[in-house]
Amino acid sequence: MIVVRAIKKDDLDGLMYLATQVGDGMTTLKPDTEMLSNRIAVACASFAEQIPPEQRDYLFVLEDTDNGKIIGVSAIKSAVGLDEPFYNYRIGTLVHSSKELNVYSRMDTLYLSNDLTGCAELCSLFLHPDYRNNNNGRLLSKCRFLFIAQFPHLFSEKLIAELRGFQYPDGSSPFWDNLGRHFFKMDFNRADDISSLGKKSFIAELMPRHPLYVAYLPKVAQDVIGQVHVDTAPARRLLEQEGLYYEGFVDIFDAGPVLQARVNELRSVRLSELLEVVDCSAALLSDPAAAEPMLVANTSIQDYRIIVSDLLPHHGQLQLTLEQQQVLGCSVKSQVRAMPLNAKNEAKNEVRKIGENYNEP
Amino acid sequence: MIVVRAIKKDDLDGLMYLATQVGDGMTTLKPDTEMLSNRIAVACASFAEQIPPEQRDYLFVLEDTDNGKIIGVSAIKSAVGLDEPFYNYRIGTLVHSSKELNVYSRMDTLYLSNDLTGCAELCSLFLHPDYRNNNNGRLLSKCRFLFIAQFPHLFSEKLIAELRGFQYPDGSSPFWDNLGRHFFKMDFNRADDISSLGKKSFIAELMPRHPLYVAYLPKVAQDVIGQVHVDTAPARRLLEQEGLYYEGFVDIFDAGPVLQARVNELRSVRLSELLEVVDCSAALLSDPAAAEPMLVANTSIQDYRIIVSDLLPHHGQLQLTLEQQQVLGCSVKSQVRAMPLNAKNEAKNEVRKIGENYNEP
Amino acid sequence: MFIVRPVATSDIPALIELAAGLTQGVHTMAKTPAAIERAVEQSLRSFASQTDIAGEECYLFVLEDLENTSSHSLIGSAAISATAGSKGTFFSFRNDVIQQVSRDLDISHSVHALTLCADLTSYSQLSSFFVRRGNHIHPEAALLSRARLMFAACAPERFSDNFFVSLAGYTDQKGCAPFWEALGKKFFQMDFLEAERLVDGARNRNLIVELMPHYPVYVPLLTGDAQAAMGQVHPESEVPFDLLTKEGFAADDFIDIFDGGPILEANKHALSSFAHGLKLQVETVSDDSAPISTNANRSYLVATARETDFRATMMQSTALENTQTVRLSSEVMQALNVIDGDHVLCVPW
Amino acid sequence: MFIVRPVATSDIPALIELAAGLTQGVHTMAKTPAAIERAVEQSLRSFASQTDIAGEECYLFVLEDLENTSSHSLIGSAAISATAGSKGTFFSFRNDVIQQVSRDLDISHSVHALTLCADLTSYSQLSSFFVRRGNHIHPEAALLSRARLMFAACAPERFSDNFFVSLAGYTDQKGCAPFWEALGKKFFQMDFLEAERLVDGARNRNLIVELMPHYPVYVPLLTGDAQAAMGQVHPESEVPFDLLTKEGFAADDFIDIFDGGPILEANKHALSSFAHGLKLQVETVSDDSAPISTNANRSYLVATARETDFRATMMQSTALENTQTVRLSSEVMQALNVIDGDHVLCVPW
């Protein structure tokens, strides 16, 4: 069976192997033993609630219980920007109008901002290529929403996810080439190296600080503001279905969108339910014809576990098989939190692609 | 019976009378025949869909059908800032940090912005003092949400409501006194006159355009940013229960909060239902013990009408009395749109006060 | 013989004729008959005013060819305003340098930015310079350009301590300005010549602050064309540019908000007419037919030192640097309307 | 008799003793023995350098009382840096004026704002001025302050064309600066003296751009105390302030980013030592016991015109304005280490 669970200390080897499978473009999962073991240590302290909520980094792994292999990872960082400034461009509007000349110009502007400081962030999702099938990708992404629904008091008001911005097939970014490059008098490879070390704030210090009119940029750069990389489009739709929106914040390098949501408006917070576990050996409570995949999680933070099950809840009860109960670490009469894996308006064909190309930075 | 309906040309006298009952602080409802008849003309053209959606101004009146009196008014302006710039301060964050000195300063900033340009606005709510009882205040406010739910295609992505900011009992504003006044070298009475003519943009031109750190202001001014006038607190809660949030935009004069929502996240859009009208003479379909006030509206834009009824819908049907059907201009088998008047989490005692002190500018 | 003198009402027809040769977007001289009449009236009022601080005055001068007895004797005009912002705030772009520092990357570099500013509002402004057949530096063009400053040197209380001139910037054959395309057009939503026509060449109108950007414009974000046009002078303004830089004006700190053309500015002490002007007493040459001196090999501009009935012309003379008096020919004396014992201001050519 | 000369290694103990009299947050002279040693070493390197453009040099001078034979003969020090930003960008607040216009209200007014800028980075900077018992303008204080500029006038290629001095601003008895309270403290989160200690009085460190506001600070939003402190000089800096304004420095355009103290600046042509300095040849007085002249009623500062072994002192003399030579007493010649025929720079007192 496939389960997502809180990471443990002895997952280092498994995570290292997974990291070697990650290509470029994912700055937070590099095959570096020291970096990863540090991160695991922070994650374990997070699930154990040994460090303050705003310092936590919840790391989830996808395990194939048949062979004990770790085949995917995803994370929630409790708060961004508290160690070093977290920069974005915010798109604003300025109106210039003159009645005398009968001119009304509504102009988009870019403000270098740290407005998202303190938000929780979804990040570091990676699924092994061999397992990009069934519901694995969606489980890996959505497990985090159910976690937040179970422990909303651990999170700040807002949740964000940074998505990769538009690139040409050669990897170049028309936004960077027409904006950042002018202010960054340094070889691009060095910029890239620094950026991949997560040192974005160093680069932001060199970016223009006064508001910029978007109209100053060539059309090719204007057009990609808030656009995702073609491979990231399915991930964007999935997050939007969970209640995240593009609210005008973009990455300072490639103008990729930041999606954001109020935690209490998330689909999982609004619609997930606490249910009582009922054994499966008795007659089915719900109509098997109406079955649809449900995310089902236990309520333990320290040993958080979540699976996909096919039976619908009925009057506050949910039937689980013995194996499912074992994998979740629960038993009859335990409480579990559950919600449909797919949002009502999810176009199934699209989200099937999740996990294939999903790259969170 | 009490009904809210689209305003009509011959409501001028009724509206004029109402306007004479309005005190200060409400800039959009002055007892000025020309101004009001112009506004009614625009509103009639709006309901008749004779002008483009972004120019519309939907004006609703509360009528006591027993005596034909107009006893309240409220409105939705389709889009702000398209005639003259619509200014707000936006609260942003800037982080200044130096590792060398081990200093990390997270600073709130004020940006003069036109970001809300094009949003729809809730405005002009006033209820005659004699009728500030029962559900009249809430009907008058909430009728607009059901209207939006019925005709969402007529509205832009976002809806806002400006709320009056904090004032001392003598009517002075610590925010204005410590910010605007420094830049507005003009007698305050003149400023107030100009502002009450709706000429805010003229004043905004004199306000500082570069981002301001909130920390520059005295604490007494910092503290009232985003705070409502004490009389406006119930209105704020009501709007928040319908799905509006304070997202960091405030008035440039008194720093009163602007509440905003995505139209498709409004409670009315998410939860209201289209129901079939069923006569009341037959047996009650729903449990009368479970009765709770419902907002019920017809589906006509030109002759929009909305009342409060006490019976719950049942399996897509709603029972209405003959009188209710007549007032709504519908009959058996007609479609109506309905939702519970009160949001689940509404604290009833608080919202009772709505209408008593509710003043939208 | 050429003289510069204050404009008179009778000059209006000649000015209207002269204005036919103006290029739109280049010359700041009044173009329509109505505007010319207004400028002349304002000048008459300005010269007649009793003033001891710089205010709304604008002094208009004409260049006359005394040897041309036809109706075409008036061949140029030039003006000087007491303050650029007399009727509002005068806007320009200031060339700012913004320092960008990243400690951890050990990088510190400066970025150029243009800031809309009102710094020149209280300066005195030279404008409206135009000379018929003016594509080379003729001495009379220099006379016309510099006579304004000699007047200012004679009546410093009428002017600011600082002067500037905004010269037309680069436009292509079609009247299209690359700097405007990259900047002003995005806010004004119209072509350069249309905008110049609507604002009537002015840079002191409130609509400018309504439409132009309030935040620094980072130069690296402008198109290459626009960056190249910054501070570049229009071919038709090269003559005044050369004359003015020779006089002591310097371009660097400010450019025009519309076409990016250079704005030349100077403190009065940096200007030849102030720094090297010699106030001397007139001494009549007894025998007018004889040469003034065989050593009269220096060229000077000479102007009346009085404030009313100002006149300026050119002459040859011996070196005047260590003298208290100057000998003028009767022709020059007549042209300047001075007599023995009057004072004149002489500036080396 | 007082002389000013370049610092020598042997002066270090005396400088350390001198530094005991410094007030923190007021004096920019090096305070710790290690910092003093570094400053002396840098000065020795700077004087020894062969340079024709202004770079990282910093020249340190000392004031010596030749009549005091005790170990306390060294009574002051002053420095001049070739460029303020040699080790980074020099930051200051520029006094900007922002124009606010509302057409429909028919209002146009200007608002003062302070902009963090790097404009002074390439200027030469005077600093480290300190004289023991220096609360009044003693002639020797003037000698010390001005000798630096006389050196610059003799070796202009070593310096910028523009000079500035930042003087300590107003602080109260407790060392609290109202300007800092209203501004810097909000970003640095520490008291004024603590911040000055941490940055070591420097204004050219990257942490400044990391912490200080990047947007103009509107002056009307500052507290009344802070506004009053803008450009106000600390009582202990009144002597240098008076000396420098007399020399030709002007305060107006810039203030210090920490305490709001005045920054005085000038183009070299505005400074007496450049504008009124007379380069004259030394003529020995034959009979040293006789008075040089009964008309020796003018006071001059006199300095060696050479770049190495610079010396400056004061003397009485006849008027030197129209002469090519100057007669020096043997005492002065000895103090300056010059002989007959050498050149010296004389500046009226």
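Largest first and in whole Å, the equivalent-ellipsoid semi-axes of the stretch B:269-340 read 18, 14, 10, each the square root of five times a Cα gyration tensor eigenvalue.
With a cut-off of 17 Å on the backbone N, the residues of the stretch C:9-27 near the modelled label site 7 Å out from C:Ser71 along Cα-Cβ are C:9-21. Between the stretch D:324-349 and the stretch C:14-48, what is the C-alpha centre distance in whole Å? What the calculation gives is 62 Å, centre to centre.
If the viscosity is 1.002 mPa s and the temperature 20 °C, what Stokes-Einstein diffusion coefficient in µm²/s follows for chain C when Rh is the Kirkwood radius over Cα pairs? Approximately 100 µm²/s, per Stokes-Einstein. Each of B:Asp13 and C:Thr223 was given a label point 7 Å from its Cα along the Cα-to-Cβ line. The distance between the two points is 6.4 nm. Under 1.5 on a/c is rounded, so check that first for the stretch C:118-201, then, if it is not, pick prolate when a/b is larger than b/c and oblate when it is not; a ≥ b ≥ c are the square roots of the alpha carbon gyration tensor eigenvalues. Cα axes put the stretch C:118-201 in the oblate bin. At D:Gln189 and C:His269, where each label point lies 7 Å from the Cα along Cα→Cβ, what is the point-to-point distance in nanometres? The modelled label-to-label distance comes out at 4.8 nm. Computed over neighbours whose Cβ is under 12 Å from that of B:Gln324, the net charge equals -2, Lys and Arg +1, Asp and Glu -1.
If R0 is 35 Å, the Cβ-Cβ spacing of A:Gln335 and B:Asn134 corresponds to a FRET efficiency of close to 0.25. Using equal-weight Cα scatterers in the Debye expression, the normalised intensity of the protein assembly as shown in log10 at q = 0.04, 0.05 Å⁻¹ is -0.35, -0.54.
Between copies, the label points at C:Lys279 (set 7 angstrom from Cα along Cα-to-Cβ) are spaced 3.2 nm, reported in nanometres from shortest to longest. Remark: label point of A:Pro53 defined 7 Å out from Cα along the Cα-Cβ vector; separations to the same position in other copies 4.0 nm, ascending. Scanning residues 5 or more positions from B:Met107 or on other chains, those with amide H under 5 Å from its amide H are B:Leu94, B:Val95, B:His96, with H placed 1.01 Å from N in the peptide plane. Bridge orientation summary for the protein assembly as shown: considering DSSP beta bridges with both residues in this region, about 90 percent are antiparallel. Summarising the amide proton neighbourhood of C:Leu328: residues at separation of 5 or more, or on other chains, whose placed amide H is nearer than 5 Å comprise C:Glu283, C:Val285. Report the normalised scattering of the stretch C:1-158 as log10 I(q)/I(0) at q = 0.14, 0.18 Å⁻¹, calculated by the Debye formula with identical scatterers on the alpha carbons. Scattering profile of the stretch C:1-158, log10 relative to I(0): -0.75, -1.11.
Please report the orientation-averaged projected area of chain B, defined via the convex hull of its C-alpha atoms, in nm².
20.5
Please state the relative contact order of chain A as a whole percent: Cα pairs under 8 Å, 6+ residues apart?
Relative contact order of chain A: 20 percent.
Calculated mean residue ellipticity at 222 nm for chain A: -6500 deg cm²/dmol, from DSSP H runs with n ≥ 4 weighted as -39500 (n - 2.57), summed, divided by the residue count and rounded to 500. What is the stretch B:43-189 by shape, rounded, prolate or oblate, if you read a ≥ b ≥ c off the alpha carbon gyration tensor as root eigenvalues and call it rounded for a/c under 1.5, prolate for a/b larger than b/c, and oblate otherwise? The shape class here is prolate.
In this simple spin-label approximation, B:Ser156 and D:Arg38 carry label points 7 Å from Cα along the Cα→Cβ vector, and these lie 5.7 nm apart.
Extension gain, A:Thr65 to A:Ala291, is 79.0 nm, computed as 0.36 nm per intervening residue step minus the present C-alpha separation. The region of chain A that goes longest without hitting one of the trypsin sites (Lys or Arg not before Pro) in a DSSP loop, each with at most 11 other Cβ atoms within 10 Å, is A:1-332. Relative contact order of the stretch C:276-348: 52 percent, from C-alpha pairs under 8 Å at least 6 residues apart in sequence. For the stretch B:1-69, GluC sites (Glu not before Pro) meeting the loop criterion (DSSP other than H, G, I, E, B) and having at most 15 other Cβ atoms within 10 Å: B:Glu49. With a 10 Å cut-off around each Cβ of B:86-96, the average count of Cβ atoms from other chains is 6.
Taking amide H atoms as placed 1.01 Å from N in the peptide plane, the amide H of B:Tyr246 lies under 5 Å from those of B:Gln260, each 5 or more residues away in sequence or on another chain. Taking every DSSP bridge with both residues inside chain C, close to 90 percent are antiparallel. May I ask for the distance between the Cα centers of the stretch A:1-70 and the stretch C:165-179, given as a whole number of Å? Centre-to-centre (Cα) distance: 62 Å.
Distances, shortest first, from the label point of D:Ser330 to those at the same position in the other copies read 7.0 nm; the point lies 7 Å along Cα to C-beta. With neighbour counts taken as other beta-carbon atoms within 10 Å, the residues C:Met212, C:Met315 rank, fewest first, as C:Met212, C:Met315. From the Cα gyration tensor of the stretch D:277-348, with a ≥ b ≥ c the square roots of its eigenvalues, which class applies: rounded if a/c is under 1.5, or else prolate if a/b is larger than b/c, or else oblate? It is oblate, given that a/c is not under 1.5 and a/b is not larger than b/c.
Output the antiparallel fraction of DSSP beta bridges having both residues in the stretch B:269-340, as a percent to the nearest 5. Working shown, then result.
Values: 13 of 17 bridges.
Taking every DSSP beta bridge within the stretch B:269-340, about 75 percent pair in antiparallel fashion.
With R₀ fixed at 45 Å, the C-beta to C-beta distance from A:Lys30 to A:Lys219 puts the FRET efficiency at about 0.80. Only Cα pairs under 8 Å and 6+ residues apart enter the sum, and on that basis the relative contact order of chain C stands at 18 percent. Other protein chain C-beta atoms within 10 Å of residue C-beta, averaged over C:165-173: 0. Peptide B:287-299 is shielded by partner chain Cβ atoms: per residue, an average of 0 of them sit within 10 Å of its Cβ.
Can you give the FRET efficiency for B:Glu323 and A:Asn102, using 1/(1 + (r/R0)^6), R0 = 56 Å, r = Cβ-Cβ distance, to the nearest 0.05?
Rounded to the nearest 0.05, the efficiency is 0.60.
Taking the Cα centre of the stretch C:291-349 as reference, the dipole from Cβ charges on Lys and Arg (+1) and Asp and Glu (-1) amounts to some 160 debye.
Values quoted throughout were computed directly from the atomic coordinates according to the rules given, and no laboratory measurement underlies them. Note that the structure is a prediction, hence the values are computed from the model and not measured. In this analysis, Cβ positions are derived from the backbone assuming ideal geometry, glycine residues included, and neighbour counts consider all displayed protein chains.
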